[in-house]
Amino acid sequence: MTSECGVCAGHANSAESHNIAWQSDHWLLRHHAHPAPLAGWFLLDTRRHTASAADLSAVEEGQFAHVLATAMRAIRGVVGVPRVYCVMFAEGAQHLHAHLIARDPAQAHTKAWEVADLYRMVERGELPPADTAEVAAIVARVGEVMRATIRL
């Protein structure tokens, strides 16, 4: 953990613990903090501070695809969407985190790169954020599915 890293600080912030769906020694799956652009917008973070997938430990590297795929299946099933996008930049917060975004074709502004515009519209207050009660229910259910299905 580094004091300058927003992701590390978020992991240490007990006020954000309600957003955590699942965690292991190396990974943490959390819902996007309020104001979340969509119910079902998760982030998969390394627990340890690392800026890139190129810097994963051997154990983290060996688990990454399995944890990622399991989380995407859990989100897809719980939210009831046909796709879950995975987007990784690690530039705004230089800590490895993958945005796992539930993609509902019936929901405006979620197709491909439009989802970035949705993010900005919610951030600017032009659209309302996801309902916090819906987010809490999704977080709880995704956590249940992860604990029942993940094998590390």
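Tabulated data
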quantity	calculated
Subset of segment 85-98 (residues that are surrounded by fewer than 20 Cβ atoms within 10 Å (Cβ to Cβ) and over 12 Å from G40 (Cβ atoms))	C86, V87, M88, F89, A90, E91, G92, A93, Q94
Within segment 1-45, considering residues that are charged (D, E, K, R) and under 30 Å from P105 (Cα atoms), the one modelled with the lowest pLDDT	E16
Selection from segment 54-84 of residues that are surrounded by 17 or more Cβ atoms within 10 Å (Cβ to Cβ) and either of a type outside the set (V, I, T) or over 13 Å from the mean Cα position of the chain (by Cα) (or both)	L56, E60, Q63, F64, L68, A71, M72, A74, R76, V78, V79, V81
Test: residue in segment 109-127 that is part of a helix (DSSP H, G or I), hydrophobic (A, V, I, L, M, F, W, C) and more than 15 Å from H32 (Cβ to Cβ)	no
Checking P37 against (1) over 15 Å from V135 (Cα atoms); (2) not in a strand (DSSP E or B), the condition it does not meet	(1)
Subset of segment 64-99 [in contact with a strand residue (DSSP E or B) (Cβ under 8 Å, 6 or more places away or on another chain) and either farther than 22 Å from R141 by Cα or of a type in the set (V, I, T) (or both)]	V67, I75, V79, V81, V84, V87, M88, A90, H95, L96
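The values are calculated or read from the model by the stated rules, or taken from the named source; none is laboratory data. Keep in mind the model is a prediction, meaning the values are calculated, not measured. Cβ coordinates were reconstructed from backbone atoms using ideal geometry, including for glycine residues, and neighbour counts include every protein chain displayed.
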